[in-house]
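> Dropping the structure in here first, questions after.
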Amino acid sequence: MFIEQPPFILRRIWRARWRLPRNPKCVYLTFDDGPCPDTTPRLLDILDSYGVKATFFCVGDNVRKHPALFEELLRRGHAVGNHTMHHLRGFNYTVREYMKDVDAADSLIRSPLFRPPYGRISLRQLRQLKRRFTVIMWDVITRDYNAKLSPEKVTSIVRRYSRNGSIIVFHDSLKASKNMFRAIGPSIEWLREQGYEFRTLRDAT
């Protein structure tokens, strides 16, 4: 559970958005690490088929490589956020180095939303980020990137840990695609059966 749903004490130390207000009954689907031409277009079609809008935290270098795909995310009504230019682990960089990479991504993405890759940033980096961004973490991480898990296990994580106001993390990366594509439909269907609406973080921040 420590991985799938971060404990209260961690949320208290790293003061960011881990979960959002619970009225009305809704959840927030998010996708990290794209846009990826091998996965993102297919995912967009799936989300369209369910009438669901999501929030995509984009790696700036992927936006640079695939600008038309980034524009397609926006055209289809999804929200976007900054996920650094080069998917950095914050602990390995100074505040200055980290913010330089964030700024490079911001020049392409231009969003007030930010999610640190791996959730790994120092408190000094977090304070600096919060001067300019709404820092988004998560309430449920599906672990779809883990090749040792089955798609059914990924879906079971969504079912077990999702609750009202949950920010749920999937990935539109090639690494996660096998699990993500087989888990996203059943997850959406189950959440909808429980009465949840789907909102973007743009609607809530």
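The values are calculated or read from the model by the stated rules, or taken from the named source; none is laboratory data. Values in this document were obtained by computation on a predicted structure and should not be read as measured data. Note that we place each Cβ from the backbone using ideal geometry, even for glycine, and neighbour counts take in every protein chain shown. Protein only, heavy atoms only, side chains kept; ligands, DNA and RNA dropped before computing areas. Shrake-Rupley method; radii C 1.70, N 1.55, O 1.52, S 1.80 Å.
> State whether the residues of the stretch 149-164 include one that is of a type in the set (Ser, Thr, Tyr) and either in contact with a His (Cβ under 8 Å, 6 or more places away or on another chain) or closer than 15 Å to Asp32 by Cβ (or both).
no
> From the residues in the stretch 28-49 that are polar (S, T, N, Q) and touching a residue at least 60 places away in the same chain (Cβ under 8 Å), which one is surrounded by the fewest Cβ atoms within 10 Å (Cβ to Cβ)? Quick ask: steps written out before the conclusion?
Narrowing the stretch 28-49 to residues polar (S, T, N, Q): 30, 39-40, 49.
If we keep only those that are touching a residue at least 60 places away in the same chain (Cβ under 8 Å) too, we end up with 30, 39-40.
Numbers: Thr30: 24, Thr39: 21, Thr40: 24.
The residue in question is Thr39.
> Next up: Which of the residues that make up the stretch 177-195 are in contact (Cβ under 8 Å) with a residue 60 or more places away in the chain and out of contact with any helix residue (DSSP H, G or I) (no Cβ under 9 Å at 6 or more places or on another chain)?
Gly195 - this is the single residue of the stretch 177-195 that is in contact (Cβ under 8 Å) with a residue 60 or more places away in the chain and out of contact with any helix residue (DSSP H, G or I) (no Cβ under 9 Å at 6 or more places or on another chain).
> Select from the stretch 98-134 the residues that are in contact with a helix residue (DSSP H, G or I) (Cβ under 6 Å, 6 or more places away or on another chain) and among the charged types (D, E, K, R) and write down the one among them that is modelled with the lowest pLDDT.
Arg120
> Next question, about the same structure. Filter the stretch 84-104 down to residues that are of a type in the set (Ser, Thr, Tyr) and open to solvent by 20 Å² or more (accessible area, probe 1.4 Å) and give me whichever is farthest from Gly34 (Cα to Cα).
Initially, the stretch 84-104 is screened for residues of a type in the set (Ser, Thr, Tyr), giving 84, 93-94, 98.
So of that shortlist, the ones also open to solvent by 20 Å² or more (accessible area, probe 1.4 Å) come out as 93-94.
Working: Tyr93: 22, Thr94: 25 Å.
Per the stated criteria, the residue is Thr94.
> Can we say Arg143 is open to solvent by 10 Å² or more (accessible area, probe 1.4 Å) and within 13 Å of the chain's Cα centre (by Cα)?
Yes; evaluated as a whole, the condition is true for this residue.
> So, of the residues in the stretch 162-175 that are out of contact with any Cys (no Cβ under 9 Å at 6 or more places or on another chain) and either free of Cβ contacts under 8 Å to residues at least 40 places away in the same chain or open to solvent by 40 Å² or more (accessible area, probe 1.4 Å) (or both), which turns out to be nearest to Pro151 (Cα to Cα)?
Selected residue: Lys175.
> Sticking with this one: Scan the stretch 50-83 residue by residue and report those that are closer than 25 Å to Asp139 by Cβ, open to solvent by 30 Å² or more (accessible area, probe 1.4 Å) and either of a type in the set (Gly, Ala, Ser) or at pLDDT below 95 (or both).
The answer is Gly51, and nothing else.
> Pick from Val59, Val52, Val63, Val135: which is under 21 Å from Trp18 (Cβ atoms) and among the aliphatic types (A, V, I, L, M)?
Val135 is the lone residue from the list that is under 21 Å from Trp18 (Cβ atoms) and among the aliphatic types (A, V, I, L, M).
> Same structure, new question: If you check Arg199 against the conditions, is it in contact with a Cys (Cβ under 9 Å, 6 or more places away or on another chain), among the charged types (D, E, K, R) and surrounded by 18 or more Cβ atoms within 10 Å (Cβ to Cβ)?
Yes; evaluated as a whole, the condition is true for this residue.
> I would also like to ask the following. Any idea which of Ser187, Ser173 is part of a helix (DSSP H, G or I), out of contact with any Leu (no Cβ under 7 Å at 6 or more places or on another chain) and among the hydroxyl-bearing types (Ser, Thr, Tyr)?
Details: Ser173 fails: part of a helix (DSSP H, G or I).
Selected residue: Ser187, the only one of Ser187, Ser173 that is part of a helix (DSSP H, G or I), out of contact with any Leu (no Cβ under 7 Å at 6 or more places or on another chain) and among the hydroxyl-bearing types (Ser, Thr, Tyr).
> So, one more: Mind telling me which of the residues Arg120, Arg131, Arg115, Arg159 ends up being under 19 Å from Tyr28 (Cβ atoms), among the charged types (D, E, K, R) and open to solvent by 10 Å² or more (accessible area, probe 1.4 Å)?
Of the residues listed, the single one that is under 19 Å from Tyr28 (Cβ atoms), among the charged types (D, E, K, R) and open to solvent by 10 Å² or more (accessible area, probe 1.4 Å) is Arg159.
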